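The values are calculated or read from the model by the stated rules, or taken from the named source; none is laboratory data. Quantities reported herein were computed from a predicted structural model and do not represent experimental measurements. Using ideal geometry, Cβ is built from the backbone for each residue, glycine included, and neighbour counts are taken over all protein chains shown.
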């Protein structure tokens, strides 16, 4: 048993999602979104380096020493998986471990809208799950892949950095590839994927122009592609993809995106007040012909209005999801106001509204 495993046991006992280890500090846990210091000795640089090097693959240690930061997955057998990140900082080494539950939660267990299951059954196209870091994107995406794995007889190929949720093959065949271990990059894995007879490709993160371009190509050539981006809403996700490309290519990309994009799930996590824990608020965009035309014509600012009038198709604006959580007394007005898009709509629920300047 690695020495660090005792901290992972303690994480589980405390219901923590993340473990922060930093030179000059005690261990720190993130519990329901807040950092809580553990009553333990402060780490020295050598002590912490020894602790984290014990579980890091040799090639990842080499990469860390060359570049100053590295990601990888770590599994405590029979217990859980963790996404690890090591980095150098002013006072020494730092490390963050994100808990990845060993059991994938289903779409029903997560309370996801029914249209999410429809995305998992598409024959081709691009579906994106977006939101800020720590908003539960990986959990939602894992539930979508899980549903496809149970319902379809297809080849599912995942490309991640590192591998997070592990899916056992059910009706489908599932192959996992980790960037830096099984493939050089997301882009090289996607180029290879087109020769590996996949029906569904899951891209852990669409982080650069080449990866986005290859994902679009795969979606346009008969594959169903799932991916993630760090964007706060569906319209901003579309803008972000287009803005990655040089101006001379953007019209072509708009056209390709209008043809291949089938849906976007943009989410955020909210601290609950009805019981301990957090809950996701989801914005869902179902791309039909009218919305595809708006994308093609560069009128993404009109998409939010189209979502309002297309709710029967499964569209759900983020602020509507937040309002429902607020009216059910699951979250506070302050939490709703902080993470909503239209501040004026939620301002009336605050006991002490901020000044217009603060908004």
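Observations, loosely collected:
Here's the yes/no breakdown for (1) buried (at least 18 other Cβ atoms within 10 Å of the Cβ); (2) touching a helix residue (DSSP H, G or I) at 6+ places or on another chain (Cβ under 6 Å); (3) farther than 26 Å from residue 165 by Cα:
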{"site": "40", "(1), (2), (3)": "no, no, yes"}
{"site": "45", "(1), (2), (3)": "no, no, yes"}
{"site": "48", "(1), (2), (3)": "yes, no, yes"}
{"site": "52", "(1), (2), (3)": "yes, no, no"}
{"site": "57", "(1), (2), (3)": "no, no, no"}
{"site": "64", "(1), (2), (3)": "yes, no, no"}
{"site": "73", "(1), (2), (3)": "yes, no, no"}
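- Options 61, 55, 93, 36: the member that is part of a loop (DSSP other than H, G, I, E, B), at negative phi and not assigned by TED's automatic domain parsing to the domain that holds residue 142: 55
- So residue 231, is it assigned to a loop (DSSP other than H, G, I, E, B), in contact with a helix residue (DSSP H, G or I) (Cβ under 9 Å, 6 or more places away or on another chain) and in contact (Cβ under 8 Å) with a residue 24 or more places away in the chain: yes
- Being out of contact with any helix residue (DSSP H, G or I) (no Cβ under 6 Å at 6 or more places or on another chain), surrounded by fewer than 12 Cβ atoms within 10 Å (Cβ to Cβ) and part of a strand (DSSP E or B) is a property that residue 99 lacks.
- Conditions (1) assigned to a loop (DSSP other than H, G, I, E, B); (2) out of contact with any strand residue (DSSP E or B) (no Cβ under 9 Å at 6 or more places or on another chain); (3) buried (at least 21 other Cβ atoms within 10 Å of the Cβ): number failed by residue 133: (3)
- Among (1) under 28 Å from residue 156 (Cβ atoms); (2) surrounded by fewer than 16 Cβ atoms within 10 Å (Cβ to Cβ), the one test that residue 212 misses: (2)
- Scanning segment 326-338 for residues that are part of a helix (DSSP H, G or I) and in contact with a helix residue (DSSP H, G or I) (Cβ under 7 Å, 6 or more places away or on another chain) gives 326, 333, 336, 337.
- Of the residues in segment 249-257, not one is at pLDDT 95 or above and under 28 Å from residue 76 (Cβ atoms).
- Meets criteria (under 21 Å from residue 325 (Cα atoms) and in contact with a strand residue (DSSP E or B) (Cβ under 9 Å, 6 or more places away or on another chain)) for residue 263: no
- The one condition from (1) touching a strand residue (DSSP E or B) at 6+ places or on another chain (Cβ under 9 Å); (2) buried (at least 22 other Cβ atoms within 10 Å of the Cβ) that residue 143 does not meet is (1).
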